[in-house]
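Chemist: Structure in structure tokens, see below.
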């Protein structure tokens with residue numbers, strides 16, 4: 001059974017006249033008659049009673065009208081969905097991110113998409129380091145992701161925020177009462193850091209701050225995510241260099257201190273492959289760029 005057969009059947013059922021039905025479908029009357037005959041042969045029953053003066057539906061024809069209309073409507077829905085997907089109006093976009101800054105950026109982006117393109121769904125993959133995001137983008141298992149800049153060539157990026165680096169120390173630490181600390185103040189401290197193998201830009205920034213101050217940090221422990229890192233700081237395991245948005249996480253026993261002098265910053269961006277074939281990704285990037 002073909003769609004053109006159902007359309008021909010419904011046109012004749014509506015008009016009860018082969019000539020008018022053919023005009024409605026913009027085809028000849030003879031091809032329409034052949035289409036209906038082919039449908040009747042396939043179904044093994046007559047759908048119309050034809051005379052020289054009238055056309056009437058048979059009982060089988062009457063029974064077919066409603067399901068034929070349902071099928072036609074469903075096909076129209078399928079066409080609309082396919083069209084919307086091809087133009088980037090619908091679809092699912094997977095986004096990897098880590099840290100509190102990623103939550104802030106994606107909350108705003110999700111609200112913008114809900115207003116302008118409600119057919120697009122963001123499939124959020126939290127607790128991913130920059131290196132993990134880039135690996136997943138290369139493999140095609142992620143569409144987009146939050147990363148720290150700079151990154152290697154081969155990706156499109158849009159900077160979404162600039163984070164100031166701070167130091168998180170235990171509440172009873174001897175530095176906790178300071179208004180700020182200098183990198184040199186941290187030379188003898190033990191550090192809690194993110195693991196090296198995951199490509200954490202915050203870890204890289206920590207090492208850079210320490211190198212600029214002339215020392216290599218002593219790593220007391222590694223933490224898989226911001227919550228674990230701050231819990232270790234609060235427990236007195238060590239101090240940690242964090243981004244400013246981390247200070248929005250309220251953790252017992254943790255004090256956040258600005259870094260004195262030329263405060264280091266870290267640029268955060270959304271990254272994606274420029275050759276990603278998913279139309280919805282291009283819509284999301286356009287909305288992202290239009291955000292204030």
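Chemist: Would you pick out the residues in the stretch 120-150 that are more than 12 Å from the chain's Cα centre (by Cα) and either in a loop (DSSP other than H, G, I, E, B) or surrounded by fewer than 17 Cβ atoms within 10 Å (Cβ to Cβ) (or both)?
Modeler: Here is the first cut: in the stretch 120-150, the residues more than 12 Å from the chain's Cα centre (by Cα) are 127-140, 147-150.
127, 128, 129, 138, 139, 140, 149, 150, listed by residue number.
Chemist: Between a residue in the stretch 196-223 that is free of Cβ contacts under 8 Å to residues at least 12 places away in the same chain and any residue that is surrounded by 17 or more Cβ atoms within 10 Å (Cβ to Cβ) and not in a helix (DSSP H, G or I), which pairs come within a Cβ distance under 6 Å, given they are 6 or more apart or on different chains?
Modeler: Between residues of the stretch 196-223 that are free of Cβ contacts under 8 Å to residues at least 12 places away in the same chain and residues that are surrounded by 17 or more Cβ atoms within 10 Å (Cβ to Cβ) and not in a helix (DSSP H, G or I), the close pairs are 203/193; 203/194.
Chemist: Among strands (runs of 3 or more DSSP E) lying entirely in the stretch 175-292, which contain 3 or more residues that are over 26 Å from residue 154 (Cα atoms)?
Modeler: Numbers: elements: 190-193, 218-222, 240-243, 254-258, 265-272.
Filter on the stretch 175-292 gives 190-193, 218-222, 240-243, 254-258.
Chemist: Now for a different question. In contact with a strand residue (DSSP E or B) (Cβ under 7 Å, 6 or more places away or on another chain), in a helix (DSSP H, G or I) and modelled with pLDDT of 85 or more: which single residue out of 64, 113 fits that description?
Modeler: Details: 64 fails: in contact with a strand residue (DSSP E or B) (Cβ under 7 Å, 6 or more places away or on another chain).
Result of the check over 64, 113: 113.
Chemist: Residue by residue through the stretch 42-56, note down the ones that are touching a strand residue (DSSP E or B) at 6+ places or on another chain (Cβ under 7 Å) and in contact (Cβ under 8 Å) with a residue 40 or more places away in the chain.
Modeler: 55, 56
Chemist: Same structure, new question: Of the residues 157, 100, which is surrounded by fewer than 20 Cβ atoms within 10 Å (Cβ to Cβ) and either within 13 Å of the chain's Cα centre (by Cα) or assigned to a helix (DSSP H, G or I) (or both)? So that I can check it myself, show each step before the final result.
Modeler: On the way: 157 fails: either within 13 Å of the chain's Cα centre (by Cα) or assigned to a helix (DSSP H, G or I) (or both).
The unique qualifying residue is 100.
The values are calculated or read from the model by the stated rules, or taken from the named source; none is laboratory data. Quantities reported herein were computed from a predicted structural model and do not represent experimental measurements. Because the Cβ atoms are built from the backbone with ideal geometry, glycine has one as well, and the counts that use them run over all protein chains shown.
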